[in-house]
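Below: the structure, in structure tokens.
Read-outs throughout are calculated quantities, based only on the coordinates presented, and are distinct from any laboratory measurement. Model, not experiment: these values are computed from the prediction. Note that we place each Cβ from the backbone using ideal geometry, even for glycine, and neighbour counts take in every protein chain shown.
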Amino acid sequence: MQVPVYDMAGKIVGETELNEAVFGVPFNEGLVHQAVIRYLANQRVGTANTRRRSEVSGGGRKPWRQKGTGRARQGSIRAPQWRGGGVVFGPHPRDYRQDMPLKMRRQALRCALSQRAREGAIRVLDALTIERPKTKTMVQILNAHGLDRGALVVTPEVDQNVYLSARNIPGVQATFASELNIYDVVRHPVILIPLEAVRRLEQRLAAAS
């Protein structure tokens with residue numbers, strides 16, 4: 001698939017060929033949906049928690065003797081029927097993680113990237129360099145490409161200048177090629193990616209196909 005290559009000012013400076021094994025895969029809606037649901041489920045953290053009787057403080061001594069008091073027998077003041085006692089069948093932290101084979105995850109990412117490429121939602125740059133963190137610089141780059149609704153900026157590797165320049169812009173997220181995930185691909189309107197990052201993605205995904 002041939003796509004134009006732009007400079008940071010938004011001008012076309014050439015063309016490049018995208019690897020069909022990564023950017024030319026037929027779309028599989030069910031697979032992509034499963035991968036997105038798995039990603040979102042794995043971000044969840046179970047936080048609801050109550051203390052069992054073994055976790056509350058106190059109760060080390062039997063409150064009164066077993067027989068002869070006329071009262072019901074009790075073994076601990078931290079039993080569930082006591083005020084301040086443990087909770088019976090209360091909520092506890094839960095693991096929401098879902099499993100999905102690595103080959104399926106990679107295929108889902110290829111499907112999503114291929115669909116975005118067919119939609120023209122992948123904007124390839126010849127390079128993306130920001131000398132020092134500056135939000136204004138990133139805004140100028142996005143405006144030059146008409147990306148006022150937000151974008152996913154993908155760098156070849158960790159780039160603190162790009163990340164710090166993009167993090168305060170609504171709708172804009174910066175990541176790097178080895179950490180690109182399917183949820184970020186499908187939820188952003190446009191992917192802004194330099195040519196070197198494209199090659200890193202092709203190397204990561206084509207070899208695994």
State log₁₀ I(q)/I(0) for the chain at q = 0.14 Å⁻¹ as given by the Debye formula over alpha-carbon point scatterers of equal weight, solvent excluded. -0.85
Over region 47-95, calculate the relative contact order: mean separation of alpha carbon pairs under 8 Å at least 6 apart, over the residue count, as a percent. 49
What is the chain's relative contact order, in percent, from Cα pairs under 8 angstrom and six or more apart in sequence? 25
DSSP bridge orientation in the chain - percent antiparallel, rounded to nearest 5: 30
Among Ala48, Ala121, Ala151, determine the one that fluctuates most according to a GNM of the chain built with springs between C-alpha atoms less than 10 Å apart. Ala48
Can you compute the FRET efficiency between Ile37 and Glu119 using 1/(1 + (r/R0)^6), with r the Cβ-Cβ distance and R0 = 22 Å? Round to the nearest 0.05. 0.50
Suppose R0 equals 25 Å; then what is the FRET efficiency for Arg132 and Asp184 from their Cβ-Cβ distance, rounded to the nearest 0.05? 0.50
Would you look at the GNM of the chain, springs on alpha carbons closer than 10 Å, and say which of Tyr163, Tyr96, Tyr39 moves the most? Tyr96
In Å, descending, principal axis extents of the Cα set of region 88-209: 58, 39, 25
The alpha-carbon center of region 32-61 and that of region 137-160 are separated, in whole Å, by 37
If one builds a Gaussian network model of the chain from Cα atoms under 10 Å apart, the most fluctuating residue listed among Gln43, Gln74, Gln160 is Gln74
May I ask you to sort Trp64, Trp82 by Cβ crowding, counting other Cβ atoms within 10 Å and putting the fewest first? Trp64, Trp82
Using 1/(1 + (r/R0)^6) with R0 = 25 angstrom and r between the beta carbons of Arg53 and Arg97, what's the FRET efficiency to the nearest 0.05? 0.30
Order these by the 10 Å Cβ neighbour count, fewest first: Asp148, Asp159, Asp7. Asp148, Asp7, Asp159
